[in-house]
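Okay, structure first, notes after.
A short reminder: the numbers here are calculations on the coordinates, not readings from a lab. Because the structure is predicted, anything quoted here is derived from the model rather than measured. All Cβ positions, glycine included, derive from the backbone under ideal geometry; neighbour counts span all protein chains shown.
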Amino acid sequence: MGLCKLCKKKESIKNSHLIPKFTTDWIRNTSDTGKFRTSVLPNKRVQDSKKVDLLCGDCENLFSKFEGYFSKVIFKPVMNSNNPVVDYPVVDYTESLLKFAVSLSWRILVFKMYGYPWKILDHKLAAQKAEIRWREYLLNNTEMKDEHHILMLGFVEDAPEIEGTDIDMNFYFRRSVDADIAQGSKESFVYTKLPGFVFISPIFPGTHTHMVDTLIGENGTLEFYKQAIDSTIIKFLVRRFNQTLSPIRTISERQWAKIEADYSKNIDKIQDSDVFKLFLMKEQKKNRLNSE
Ligand SMILES: [Zn+2]
């Protein structure tokens, strides 16, 4: 038994989600077989995201308020719009978005930072200090002076594919979850990818200069077409995509047969699914290219 890592007063309840459950629920509910397939081990079905020993019941309730806000006001309206490129809604947000972003980055940081292979001492020390500031903000509502960013992910034309499969970068962007501390020689940040959204919280230095119009304020408006990223972040996302989804190549013939059988059993569901939406967009693009 351990103490809650946020309030450090009560016993933790050992069932906190590192990645909020509503995101993996969404993947499952919009998938063509109705089951969530983990991207790290694509040949094994999992019904849930990873649960960790992190929070007490009270702190879990606090986080679920922020999650409820993000899910209802931002995540679902954006992800359930008909076409992830054309119909990107413009979303107004309140401070609850900042709370949600900090709660997300804090739990990834606190879960990963202690065993993390830090190469640069300054980055490690900055991480320890950031963890304290983010915890204080979540617990005691202290002023948040650190940067936290949100990037909306759209459909990528000419998306790179995993060699030998038709799984492309759009699958990573829309249908997988991923989180880690990212470390380079000059900078470190906490990276969390949910379906359709990336959150980046810089650790060292305190400013993140690779993205435009992604900084979360106390309130504001999210606009897909105003956001932009530079080549550093593009390369980073392509690398994460390859690392996360490459294991799909190791699926055996027997496993593919099982996947195909599941597909044909659920043919009605496929037509409404988000995977089918992505497939249609790919086909439309091919047809457009062929007719040119
Ligand atoms: Zn607690």
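Explain nothing, just the number: relative contact order of region 17-247, from Cα pairs under 8 Å at least 6 residues apart, as a whole percent.
Dividing the mean separation by the residue count of region 17-247 yields 22 percent.
Taking Rh as the Kirkwood radius computed over C-alpha pairs, what is the Stokes-Einstein D of region 152-194 at 20 °C in a medium of viscosity 1.002 mPa s, expressed in µm² per second?
178 µm²/s
Using only Cα atoms, figure out Rg for region 17-247 and give it as a multiple of 2.2 N^0.38 Å.
0.98
For TYR93, which sequence-distant residues (separation of 5 or more, or a different chain) have an amide H within less than 5 Å of its own amide H, given hydrogens modelled in the peptide plane?
Result for TYR93 returns GLY220, THR221, LEU222.
Could you give the length gained by full extension between GLU223 and LYS14, i.e. 0.36 nm per residue of separation minus their alpha carbon distance, to one decimal place?
So the extension gain works out to 71.5 nm.
With a 10 Å radius around each residue's Cβ, average the other Cβ atoms per peptide and rank 208-220, 149-161, highest first.
Descending packing order for the listed peptides: 149-161, 208-220.
Kindly flag which residue pairs out of LYS51/LYS112; LYS72/LYS99; LYS8/LYS72; LYS99/LYS145 have an alpha-carbon separation exceeding 22 Å in this structure.
As for pairs spanning more than 22 Å Cα to Cα, those are LYS8/LYS72.
Using the Kirkwood radius built from alpha carbon pairs, what does the Stokes-Einstein equation give as D for region 140-236 at 37 °C and 0.692 mPa s, in µm² per second?
Stokes-Einstein gives a translational diffusion coefficient of 223 µm²/s.
Taking K and R as +1 and D and E as -1, what net charge do the other residues with C-beta under 13 Å from the C-beta of ILE150 add up to?
For residues surrounding ILE150, the net value is 0.
Between LEU215 and GLN128, what is 0.36 nm times their sequence separation minus the Cα-Cα distance? Round to one decimal in nm.
Here the segment from LEU215 to GLN128 would lengthen by 29.1 nm.
Rounded, prolate or oblate, given the Cα gyration tensor of region 118-163, with a/c below 1.5 counting as rounded?
Oblate shape, in that a/c is at least 1.5 and b/c is the bigger or equal ratio.
Can you sort VAL198, VAL73 by how many other beta carbons sit within 10 Å, fewest first?
By the 10 Å Cβ count, ascending: VAL73, VAL198.
Would you mind calculating the gained length between LYS186 and ASN242 on full extension (0.36 nm times residue separation, minus the Cα-Cα distance), in nm to one decimal?
17.9 nm
Show me, for region 104-112, the HN-Hα J-couplings you get by feeding each phi into the Karplus relation (A = 6.51, B = -1.76, C = 1.60, θ = phi - 60°), rounded to Hz, glycine and proline as x.
Ordered by residue, 3J(HN,Hα) equals 5, 5, 4, 5, 5, 4, 5, 6, 9 Hz.
For region 125-137, what does the Karplus curve 6.51 cos²θ - 1.76 cosθ + 1.60, with θ = phi - 60°, yield as ³J(HN,Hα) per residue in whole Hz, taken in order and with x for Gly and Pro?
5, 5, 5, 5, 6, 4, 4, 5, 5, 5, 5, 4, 5
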